[in-house]
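Remarks on the structure that follows.
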Amino acid sequence: MDINILLIIILVTVGVSFMAFNNNERMHKMMYIPYDVKQNKNYVRILSHVLIHADYGHLLFNMISLYFLGDVLLNGYLIFSDMPKVDGLIPNYGSLIGQFHFLALYVLGGLFATILPYMRNQDNPNYRSLGASGAVSAVIFATIIWNPGMKLNLMFIPIGIPAYIFGPLYLLYEFYADKKGGTGIAHDAHIGGAVFGIIYILIVNIDKGKQFLDFIF
């Protein structure tokens, strides 16, 4: 029986998040605090924050997004009944290598997402962030580059939006929200994760980038 790396990531994240919900000390120790990373060399925070969430809604949204988009990236899926199945990482590289790529994308995406917040807040002792949003953004945008023709059905929007349209629009919104500020959301982490997801797919399969451009032009 093959290991399901997507399910493992979700189960571990849910388990650790639930434990942190009931333990404020654990929650604080795992938060991403760039000031503490710089001043006290507490490097574990760079990754530990990916495993905890602010509340149940935050956790649920991230894990649902990760499950559905992650499954598409790993296994591929049928877009429409009259269209062939879209290949995922496993159909292209096999179970072992495909799941390794997924794990590397998720973990490194989470790490990459901390770069902008670190640059901005390394001397700010009051900054804190937590959650898997940066890593999930890496998966979402890797999936968009891999399958630009797929339709994304979003909450409150009844029609599917083509991925090659949704991706640029979503990034524009994140840049706008980041510049505007005041949302309490780490939009810069979302941007960092998204950029890494794009870069990762271009590194492992440059043809996917060409395919994405074909859809746009």
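Of note:
- Each residue in Phe102, Phe217 was given a count of other beta-carbon atoms within 10 angstrom of its own, and listing them fewest first yields Phe217, Phe102.
- Over region 109-217, relative contact order from alpha-carbon pairs under 8 Å, at least 6 apart, %: 40
- What you get for the chain, charging only the Cβ of Lys and Arg (+1) and of Asp and Glu (-1), is a dipole of about 460 debye around the Cα centre.
- Listed values [x] 10.6; [y] 13.3; [z] 11.4, entry calculated as mean projected area of the Cα convex hull in nm²: [y]
- Distance (nanometres) between label positions extended 7 Å along Cα→Cβ at Tyr56 and Ser95: 3.5
- Relative intensity of region 111-217 on a log10 scale, I(q)/I(0) at q = 0.15, 0.24 Å⁻¹, equals -0.67, -1.32, per a Debye sum over C-alpha point scatterers of equal strength in the absence of solvent.
- At R0 = 22 Å, FRET efficiency that the Cβ-Cβ distance of Phe175 and Phe215 yields, to 0.05: 0.55
- Label zone at Asn124 (point 7 Å along Cα-to-Cβ), backbone N below 14 Å, region 18-35: 32-35
- Loop sites in region 106-165: chymotrypsin sites (Phe, Trp or Tyr not before Pro), DSSP, at most 13 other Cβ within 10 Å: Phe156
- Computed 3J(HN,Hα) for region 200-210, one whole-Hz value per residue from the Karplus formula 6.51 cos²θ - 1.76 cosθ + 1.60 where θ = phi - 60°, is 4, 5, 5, 6, 7, 7, 4, 4, 5, x, 5, glycine and proline marked x.
- The chain: relative contact order as a whole-number percent, Cα under 8 Å and 6+ apart: 22
- Pairwise inverse Cα distances across region 1-63, averaged and inverted, put the Kirkwood hydrodynamic radius at 12.5 Å.
- Nonlocal Lys pairs with alpha-carbon distance under 18 Å, the chain (8 or more apart, or different chains): 5
- Footprinting exposure proxy for Thr183, Thr13, Thr143 (fewest neighbouring C-beta atoms within 10 Å first): Thr183, Thr13, Thr143
- Computed lengthening from Gln39 to Ser65, 0.36 nm per intervening residue step minus Cα-Cα distance: 5.9 nm
- Sorted fewest first by neighbouring Cβ atoms within 10 angstrom, Ile145, Ile140 come out as Ile145, Ile140.
Values in this text are rule-based calculations from the coordinates and carry no lab data. In this text, all values refer to a predicted model and were calculated from it rather than measured experimentally. Reconstructed Cβ throughout: ideal geometry from the backbone, glycine too, with neighbour counts over all protein chains shown.
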